[in-house]
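None of the figures in this text is laboratory data; all of them are computed from the coordinates on show. Quick caveat: nothing in here was measured; it's all calculated off a predicted structure. Note: ideal-geometry Cβ built from the backbone for every residue, glycine included; neighbour counts use all protein chains shown.
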Amino acid sequence: MVRVWNGPAPVCGSPAGEPGELSGARIRERLVRLLDEPAFREGAGRMSEELLAQPTPGEVVRELEPRRRYRSR
């Protein structure tokens, strides 16, 4: 058994704020749920799409560079 602290958003273990025992079986149970439930996969897909829609750091620099030059005159 492993002693765990469950902060505000626990992934495994006891409810938030309560220390608990975390066994290999409990970890396996939670991992199987994470891998099997479609909602987790769908959420990860949405998050991936949102991240891919964001500009890259290079695109941000290209957008900001002309503004910096204009203001420094």
Counting only residues 5 or more apart in sequence or on a different chain, those whose built amide H sits under 5 Å from that of L22 are V2, V4
So, with points 7 Å from each Cα along the Cβ direction, the S48-V32 label distance in nm works out to 2.5
